[in-house]
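Here is the structure we will look at, set down as structure tokens.
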Amino acid sequence: RPAAGGGGPGAVVFRSERKYLNSAIYRFSLKDDGGVRSILVKIPLTAPVPSANSSGCSTSLRPRLYEKAEWVSKARLEFAALRHIEDHFRSRGAPRFNSVRAIRFWPEDNALAMEEIAGSTLDTGLVNRPWKLRQRASYRLLSALSSAGAWLGELHRVRPLEHTQPRAVDQSAFRASIDQFITFLAKVRDDNQYFTALRQRIFESVEKTLP
């Protein structure tokens, strides 16, 4: 690992390491003529790291619509998807939209590198801000939510790759997937009444919006 500190253009400095359920993320700083860039190197783990949420329920038990990709191909498929999404948004030429820049894939190490996007996330804004916001702060939050919705709408227009599978293409498929997640959340949070009502509200919305 390179030592933390200075260095001229081209210097790489290791910053941190963090393990998640299915992968490890290594953060580096890279100095170039444009300044300092934050680079993330992601390596899938051969065996998931056991983890649990605040309720003590293992996160590995959450429902999945499809089986996970095999370890040997996971990083390659993720790199291909990131590059594909990046190319799509770049072709739109809209400053409003941004996407992760996939830099390189190392098949011998089953690792991929990408450039970290700086900025706050929506969940941070929603969780850490009080609900009674001043008008100006409320406008900024609504603007961020609007941009996120527009980005997701554009993401849905990305041409599928060969290895991708369609999911929740109609009401019945969407209902089945939502039912799996709601059942899981009700058990994890031990609040069947709330999540039963939530399921009903989602299904009512589905009736109005999905074919």
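Among the residues of region 101-125, which ones are at pLDDT 90 or above and within 15 Å of the chain's Cα centre (by Cα)?
ARG101, ALA102, MET114, GLU115
Could you run through region 186-210 and say how many residues are open to solvent by 70 Å² or more (accessible area, probe 1.4 Å) and either under 16 Å from ARG64 (Cα atoms) or outside any loop (DSSP other than H, G, I, E, B) (or both)?
Counting residues in region 186-210 that are open to solvent by 70 Å² or more (accessible area, probe 1.4 Å) and either under 16 Å from ARG64 (Cα atoms) or outside any loop (DSSP other than H, G, I, E, B) (or both) gives 11.
Among the listed residues SER29, SER73, SER60, which satisfies the condition of being among the polar types (S, T, N, Q), part of a helix (DSSP H, G or I) and at pLDDT 75 or above?
Sole residue among the options that is among the polar types (S, T, N, Q), part of a helix (DSSP H, G or I) and at pLDDT 75 or above: SER73.
Condition first: within 29 Å of VAL72 (Cβ to Cβ), surrounded by 12 or more Cβ atoms within 10 Å (Cβ to Cβ), of a type in the set (A, V, I, L, M) and modelled with pLDDT of 85 or more. Can you find one or more residues in region 148-158 that meet it?
Yes, that holds for at least one residue.
The values are calculated or read from the model by the stated rules, or taken from the named source; none is laboratory data. What you see is a predicted model; the values in this text were computed from it and never measured. Every residue, glycine among them, receives a Cβ derived from its backbone with ideal geometry; neighbour counts consider all protein chains shown. The protein model used for the area step is the full one, side chains on, heavy atoms only, and it has no ligands, DNA or RNA in it. Shrake-Rupley method; radii C 1.70, N 1.55, O 1.52, S 1.80 Å.
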